[in-house]
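Scroll down for the structure; my scribbles are underneath it.
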Amino acid sequence: MLVDSHCHLNYKGLAEQQNDVLDRARARGVTAMLNISTRESEWDDVLATAERHNDVWASVGIHPHDADQHPHIDTEKLVGRAAHPRIIAIGETGLDYYYDKSDRDQQQSSFRTHIHACQQTDLPLIVHTRDAEDDTLAIMADEMGRAPYRGVIHCFTASDDFARKALDLGFYISISGIVTFKNAAELQATAKWLPQDRLLVETDSPFLAPVPHRGKTGEPAFVADTLEFLAKLREEDRDELAEISSRNFYQLFSKASV
């Protein structure tokens, strides 16, 4: 039992062979995949994939890279789309100051809009953060003070301190194939101590293929390789960690259990 908690099945590299990609994932024991949207133009396609496959779920959201192009996406629009039974999360959203593809104020506004949608729907938030730890935490904490919500820091690469503060806010941490890279010592150190009951695993495919597939197009089947690496890193039983991380997925994304 394995879950890929974050993939982009409708991105180039996977969309052209989507059925084969899904079959390869199932062959390696992947029983569920969360297909993530990043811009409004792909919402329908992302959802359609989830409607065609019982083991695929969908999210609705705007990536911080695309915040400038989506000033019209308000909380009401997100809440309306999230009512669909196959949409189980809001995002991905957040802040990316590494590339700065969108104005930072607009990124922050969009981030809060997504949080408000989570607060209204009780769906979890999928957070992307890069080189923006302080502002990400400040917004998360400020909004948590206004009304409770839950979520996950996806593709975690932030600091140890950020992880602890996100956990204090009740968030889950999702580990991608980056943890298998030779230059990921800091991430590996964090991944060792993350509490079992807050740990998710993802591919972020078609990106970030883990060792031994590095350099190839990532796909959900590779979540098995990341999970195996994590189990060895944490000195835990592989099957037990697979079961726990899968259970965590359904605990967080509880709409998928209905």
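Observations on the structure shown:
- Total formal charge among the other residues, if their Cβ is under 12 angstrom from that of residue 138, Lys/Arg +1 and Asp/Glu -1: -3
- Here the extension length gained between residue 104 and residue 183 equals 25.6 nm, from 0.36 nm per residue of separation less the Cα-Cα distance.
- By the count of other C-beta atoms within 10 Å, a proxy for reagent exposure, 222, 207, 156 are ordered fewest to most as 207, 156, 222.
- Burial order of peptide ranges 12-19, 103-110, 199-206 (average beta-carbon count within 10 Å, highest first): 199-206, 103-110, 12-19
- Positive minus negative residues near residue 92 (Lys, Arg vs Asp, Glu; Cβ under 13 Å): -3
- For the range 29-147, the percent of C-alpha pairs falling in each 5 Å distance bin, counted from 0 to the bin holding the largest distance, reads 2, 13, 23, 23, 19, 12, 6, 2, 0.
- Using every pair of distinct Cα positions in the range 9-53, the Kirkwood expression returns a hydrodynamic radius of 11.0 angstrom.
- Distance histogram in 5 Å bins (all Cα pairs of the range 2-257, percent per bin): 1, 7, 15, 19, 21, 18, 12, 6, 1, 0
- A Cβ-based charge dipole, computed about the Cα centre of the chain with Lys and Arg at +1 and Asp and Glu at -1, lands at about 420 debye.
- Cross-link partners of residue 232 among lysines, defined as those whose alpha carbon lies under 17 angstrom from its own and excluding same-chain residues fewer than eight positions apart: 182, 192.
- Proximal lysines relative to residue 12, as straight alpha-carbon distance under 17 Å, when same-chain residues fewer than 8 apart are discounted: 216
- Unit charges at the beta carbon, dipole of the range 2-257: most positive-side option, 38, 57, 102: 57
- Straight-distance crosslink candidates among aspartates and glutamates, where the alpha carbon sits under 19 Å from residue 165 and sequence neighbours closer than 8 are dropped: 96, 131, 133, 134, 135, 142, 143, 186, 197
- Stretching residue 97 away from residue 23 to a fully extended chain increases their span by 23.0 nm, per 0.36 nm per residue minus the current alpha-carbon distance.
- Net charge of Cβ neighbours under 13 Å - reference residue 201; Lys, Arg +1; Asp, Glu -1: -2
Read the figures in this text as sums done on the coordinates, not as results from a lab. Keep in mind the model is a prediction, meaning the values are calculated, not measured. Note that each Cβ is placed from the backbone with ideal geometry, even for glycine, and that neighbours are counted across all protein chains shown.
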